[in-house]
Amino acid sequence: MAKIIAIANQKGGVGKTTTSVNLSASLAANGKRVLLVDLDPQANATMGSGTDKRTIELTVYQVLLGDSAVNDVRVTAIQGQYDLIPASRDLAGAEVEMVELKQRETRLKTALGIVDAEYDYVLIDCPPALNLLTLNGLCAAHTVMIPMQCEYYALEGLSDLVNTIKKVRANFNPTLRIEGLLRTMFDPRNILAQQVSEQLQQHFGDKVYRTIIPRNVRLAEAPGFGKPVLYHDKSSKGAQAYLALAKELCNY
């Protein structure tokens, strides 16, 4: 049975998709069977995995509406060696269409239940909003990984997300818990970043990953080539950081 991790933060631009793609590739490089689910209508994880969102016919949109099964939708990220359930712009309309459907909060969970035995890890790239798509991700997941920048507004948004996770646990998914907080785009020369990092460690303790994802040019370039940074420049600091995160997640 797979460990299902939702990668979520309602604040945009904190590295959710970067983490989803590069952690998937790094886990696969460590011999793990990985499925990445792109739940964001922007479909950046799909493009970053080398799949063109403009030409793909079946996506997570059809899965959520019950028109297609996961087996019919998933593709393989050639440069990454993990499976992908892609997204497209159609997903933006899914929320409206799902309102009238039964068990609308758990449709992704039901769909993944058919294939989770085939994987060691399922990562869900959630959109930067606390909407029905994100709720599906949180209901399907066992844990939540929270990427965040070490800045003041990130702390404000973090409290909102923690409260949302508590509400989901109380109403839909009683076993949901925080997997960990991941410090992203970290610049050690920034004094505020260091201060926020220390506050996170004081408040959340061992829930804060030891691995820190630095600001890195290669990490920013890789999506433009449709590949994880591991296949763009394995020796880069960004690639090495995500390999370290994968090993930390696997308790190596």
*asked:* If amide hydrogens are placed 1.01 Å from N in the peptide plane, which non-local residues have theirs closer than 5 Å to the one on residue 124?
replied: 5, 6, 7, 37
*In whole Hz, with x marking every Gly and Pro, tabulate ³J(HN,Hα) for the range 226-237 from phi via Karplus 6.51 cos²θ - 1.76 cosθ + 1.60, θ = phi - 60°.*
x, 8, x, 4, 4, 9, 9, 7, 4, 7, 5, 4
*What ³J(HN,Hα) values, in whole Hz, does the Karplus curve 6.51 cos²θ - 1.76 cosθ + 1.60 give for the range 74-86 when θ = phi - 60°, with x put for Gly and Pro?*
5, 10, 9, 6, 4, 9, x, 6, 10, 8, 9, 9, x
*Under a 5 Å amide H to amide H cut-off, with H placed in plane at 1.01 Å, what residues pair with residue 208 once short-range neighbours are removed?*
181
*How large is ³J(HN,Hα), in whole Hz, for each residue of the range 138-147 in order, when computed from phi with the Karplus curve 6.51 cos²θ - 1.76 cosθ + 1.60 and θ = phi - 60°, using x for Gly and Pro?*
5, 6, 7, 7, 8, 9, 10, 9, 10, x
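Please compute the contact order of the range 3-249 in relative form: average sequence separation of alpha-carbon pairs under 8 Å and at least six residues apart, divided by the residue count, as a percent. The partial results should precede the final answer.
Numbers: 504 pairs, mean separation 66.4, N = 247.
It rounds to 27 percent for the range 3-249.
What's the exposure ranking of 146, 124, going from fewest to most Cβ atoms within 10 Å? Each step should come with its number before you reach the end.
Numbers: 146 27, 124 30.
If I rank by nearby Cβ atoms, fewest first, I get 146, 124.
When the helix-only estimate is applied to the chain (DSSP H runs of n ≥ 4, each -39,500 (n - 2.57), divided by the residue count), what is the mean residue ellipticity at 222 nm, nearest 500 deg cm²/dmol? Please report the intermediate quantities before stating the final value.
Values: 11 runs with 101 residues, N = 252.
Here the helix-only value at 222 nm equals -11500 deg cm²/dmol.
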_Using only the alpha-carbon atoms of the range 60-125 as identical scatterers, what base-10 log of I(q)/I(0) does the Debye formula give at q = 0.11, 0.17 Å⁻¹?_
-0.27, -0.63
_Within 15 Å, Cβ to Cβ, of residue 221, how many net charges do the neighbouring residues add up to if Lys/Arg are +1 and Asp/Glu are -1?_
+4
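Semi-axes of the equivalent ellipsoid for the range 1-148, please: Cα gyration tensor eigenvalues, times 5, square-rooted, ordered largest first, whole Å.
Details: eigenvalues 81, 53, 48 Å².
Equivalent ellipsoid semi-axes, largest first: 20, 16, 16 Å.
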*For each pair in 53/227; 16/234; 109/227; 102/167, compute the distance between the two Cα atoms and list the pairs where it is over 22 Å.*
109/227
*State, as an integer percentage, the relative contact order of the range 1-108 based on alpha-carbon contacts under 8 Å between residues 6 or more apart.*
27
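Using a cut-off of 12 Å between beta-carbons, work out the net charge of the residues near residue 211 (Lys and Arg +1, Asp and Glu -1, residue 211 not included). Don't skip to the end; give the middle numbers.
Details: positive: 183, 210, 237, 247; negative: 248.
Around residue 211, the charge tally is +3.
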*Shape parameters for the range 3-249, alpha-carbon atoms, Rg then Dmax in Å*: 16.9, 51
*Taking the Cα centre of each part, how many Å lie between the range 207-233 and the range 56-123?*
25
*Have a look at the range 170-232 and give its Rg and Dmax from the Cα atoms, expressed in angstrom.*
15.6, 42
*For residue 178, enumerate residues with amide H under 5 Å from its amide H, sequence gap 5+ or separate chain, H modeled in the peptide plane.*
144
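Compare the peptides 18-27, 135-144, 96-105, 216-225 by average per-residue count of other Cβ atoms within 10 angstrom and give them in order, highest first.
Working: 18-27: 28.3, 135-144: 23.4, 96-105: 12.3, 216-225: 16.9.
For the peptides 18-27, 135-144, 96-105, 216-225, the packing ranking is 18-27, 135-144, 216-225, 96-105.
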*In whole angstrom, and with the biggest value first, how far do the Cα coordinates of the range 126-252 range along each principal axis?*
44, 33, 30
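Bear in mind that the values in this text are calculations on the coordinates, not laboratory data. Only a predicted model underlies this, so the values are computations on that prediction, with no experimental measurement involved. All Cβ positions, glycine included, derive from the backbone under ideal geometry; neighbour counts span all protein chains shown.
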